[in-house]
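Colleague: Structure incoming, see below.
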Amino acid sequence: MWPSSGMPDCFDYEYFDDPDGYGYRGYHHRQPGDPHIRPWEIAARYCRRIDAKSVLDIGCGKGFLVEKLLSYGIEAKGCDVSSYALSFAAHLPCNLRSATEVPIDNQQVIVILGVLMYLTHDELNRFLRRLFIAEPDLIIVSVFSNESKERMTDINRKINESKSWWKAKFQSESFQFVSCGRSFSVVSPVVSEFNRTSGLHQSID
């Protein structure tokens with residue numbers, strides 16, 4: 001949900017909701033009878049289980065995760081570059097901001113689902129350094145890898161690498177993997193009392 005720089009309209013209706021588009025082809029809440037649990041739903045449950053107090057959702061889209069976290073009593077806010085997606089989140093604390101611009105200091109948990117592959121390699125390097133210096137307790141992250149199946153190529157994606165490449169990338173920046181699941185991984189730049197007693201012992205999926 002993030003272009004590499006600036007805020008062009010490449011994450012618009014065609015990306016989110018056009019049934020013939022190149023993106024989600026319908027980004028919405030799960031309908032009754034739909035067995036496919038969304039990654040943001042799993043992230044919300046995970047944050048509740050670890051008793052997270054505050055969460056920043058980078059690439060919040062229509063604000064579904066922020067809304068759910070707020071319903072759990074968790075302080076939450078989000079940001080995205082899509083003015084189209086954010087038009088559905090006008091009632092939520094979600095702002096128009098790019099990953100390279102959003103303030104990330106003083107955050108307990110940062111969620112970055114399906115975002116980092118839209119950065120260039122240089123932007124990714126700078127962002128990971130900022131993330132490490134900011135020292136959140138936990139980072140919930142997922143990326144598209146080139147082993148994943150997709151209906152059609154996402155023309156906005158800047159980085160197409162394997163899962164092992166992404167894992168090595170985080171490790172090269174001194175992040176530690178706390179937990180790994182099918183929907184996302186949990187990493188941390190620090191070993192704190194919070195992630196030692198909460199994150200390490202929680203199943204993701």
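Colleague: Give just the number: which of (1) at pLDDT below 90; (2) in contact with an Asp or Glu (Cβ under 7 Å, 6 or more places away or on another chain); (3) of a type in the set (Gly, Ala, Ser) does Ser54 not satisfy?
Modeller: (1)
Colleague: Check Lys68, Lys62 and return the single one that is outside any loop (DSSP other than H, G, I, E, B) and without any contact (Cβ under 8 Å) to a residue 60 or more places away in the chain. Can you show your working first?
Modeller: On the way: Lys62 fails: outside any loop (DSSP other than H, G, I, E, B).
Exactly one of Lys68, Lys62 is outside any loop (DSSP other than H, G, I, E, B) and without any contact (Cβ under 8 Å) to a residue 60 or more places away in the chain, namely Lys68.
Colleague: A further question on this structure: Might you let me know whether the stretch 3-17 holds any residue that is in a loop (DSSP other than H, G, I, E, B), at pLDDT 85 or above and either loosely packed, with under 13 Cβ neighbours inside 10 Å or in contact with a strand residue (DSSP E or B) (Cβ under 6 Å, 6 or more places away or on another chain) (or both)?
Modeller: First, the residues of the stretch 3-17 that are in a loop (DSSP other than H, G, I, E, B): 3-12, 17.
The next check asks that each one be at pLDDT 85 or above; those that pass are 11-12, 17.
Then keep just the ones that are either loosely packed, with under 13 Cβ neighbours inside 10 Å or in contact with a strand residue (DSSP E or B) (Cβ under 6 Å, 6 or more places away or on another chain) (or both); that gives none.
No: the stretch 3-17 contains no residue that is in a loop (DSSP other than H, G, I, E, B), at pLDDT 85 or above and either loosely packed, with under 13 Cβ neighbours inside 10 Å or in contact with a strand residue (DSSP E or B) (Cβ under 6 Å, 6 or more places away or on another chain) (or both).
Colleague: Out of the residues in the stretch 194-205 that are more than 19 Å from the chain's Cα centre (by Cα) and exposed (fewer than 13 other Cβ atoms within 10 Å of the Cβ), which is modelled with the lowest pLDDT? Quick ask: steps written out before the conclusion?
Modeller: Filtering the stretch 194-205 down to residues more than 19 Å from the chain's Cα centre (by Cα) leaves 194, 196-198, 200-201.
Checking which are exposed (fewer than 13 other Cβ atoms within 10 Å of the Cβ) leaves us with 197, 201.
Numbers: Thr197: 56, His201: 49.
Going through the qualifying residues, I end up with His201.
Colleague: What residue, among those in the stretch 159-193 that are of a type in the set (Gly, Ala, Ser) and either within 16 Å of the chain's Cα centre (by Cα) or under 20 Å from Trp40 (Cα atoms) (or both), is surrounded by the fewest Cβ atoms within 10 Å (Cβ to Cβ)? Walk me through how you get there before you give the answer.
Modeller: Taking the stretch 159-193 first, the residues of a type in the set (Gly, Ala, Ser) are 162, 164, 168, 172, 174, 179, 181, 183, 185, 188, 192.
From what's left, either within 16 Å of the chain's Cα centre (by Cα) or under 20 Å from Trp40 (Cα atoms) (or both): 179, 181, 183, 185, 188.
Values: Ser179: 21, Gly181: 16, Ser183: 18, Ser185: 21, Ser188: 23.
Taking the candidates together, the pick is Gly181.
Colleague: Report whether or not Ala52 is of a type in the set (A, V, I, L, M), touching a Cys at 6+ places or on another chain (Cβ under 9 Å) and part of a loop (DSSP other than H, G, I, E, B). Give the steps one after another, and end with the answer.
Modeller: Values: of a type in the set (A, V, I, L, M): yes; touching a Cys at 6+ places or on another chain (Cβ under 9 Å): no; part of a loop (DSSP other than H, G, I, E, B): yes.
Spelling it out, it is not the case that Ala52 is of a type in the set (A, V, I, L, M), touching a Cys at 6+ places or on another chain (Cβ under 9 Å) and part of a loop (DSSP other than H, G, I, E, B).
Colleague: Any idea which of (1) outside any loop (DSSP other than H, G, I, E, B); (2) under 14 Å from Phe11 (Cα atoms); (3) among the polar types (S, T, N, Q) is the one Asn95 doesn't satisfy?
Modeller: (2)
Colleague: Going through the stretch 78-115 one residue at a time, which ones are in contact (Cβ under 8 Å) with a residue 60 or more places away in the chain, among the aliphatic types (A, V, I, L, M) and crowded, with 19+ Cβ neighbours inside 10 Å? Step through it out loud before you land on a result.
Modeller: We begin by selecting, within the stretch 78-115, every residue in contact (Cβ under 8 Å) with a residue 60 or more places away in the chain; these are 80-85, 96, 98-100, 108-109, 111, 113-115.
From the residues that got through so far, the ones that are among the aliphatic types (A, V, I, L, M) too are 81, 85, 96, 99, 109, 111, 113, 115.
Within the stretch 78-115, Val81, Ala85, Ala99, Val109, Val111, Leu113, Val115 qualify.
Colleague: Taking the residues in the stretch 147-188 that are in a loop (DSSP other than H, G, I, E, B) and touching a strand residue (DSSP E or B) at 6+ places or on another chain (Cβ under 7 Å) as candidates, determine which candidate is modelled with the lowest pLDDT. Walk me through how you get there before you give the answer.
Modeller: Start the filter on the stretch 147-188 by keeping residues that are in a loop (DSSP other than H, G, I, E, B), which leaves 147-162, 173-175, 181-184.
Narrowing further to those that are touching a strand residue (DSSP E or B) at 6+ places or on another chain (Cβ under 7 Å): 175, 183-184.
Working: Phe175: 95, Ser183: 88, Phe184: 93.
Across the stretch 147-188, the extreme among qualifying residues is Ser183.
Colleague: Also: Any residue at all in the stretch 32-49 that is at pLDDT 90 or above, aliphatic (A, V, I, L, M) and more than 15 Å from the chain's Cα centre (by Cα)?
Modeller: The answer is no, given that none of the residues of the stretch 32-49 is at pLDDT 90 or above, aliphatic (A, V, I, L, M) and more than 15 Å from the chain's Cα centre (by Cα).
The values are calculated or read from the model by the stated rules, or taken from the named source; none is laboratory data. Note that the structure is predicted; figures quoted are calculated from it, not measured. Cβ: placed from backbone, ideal geometry, glycine included. Neighbour counts: every protein chain shown.
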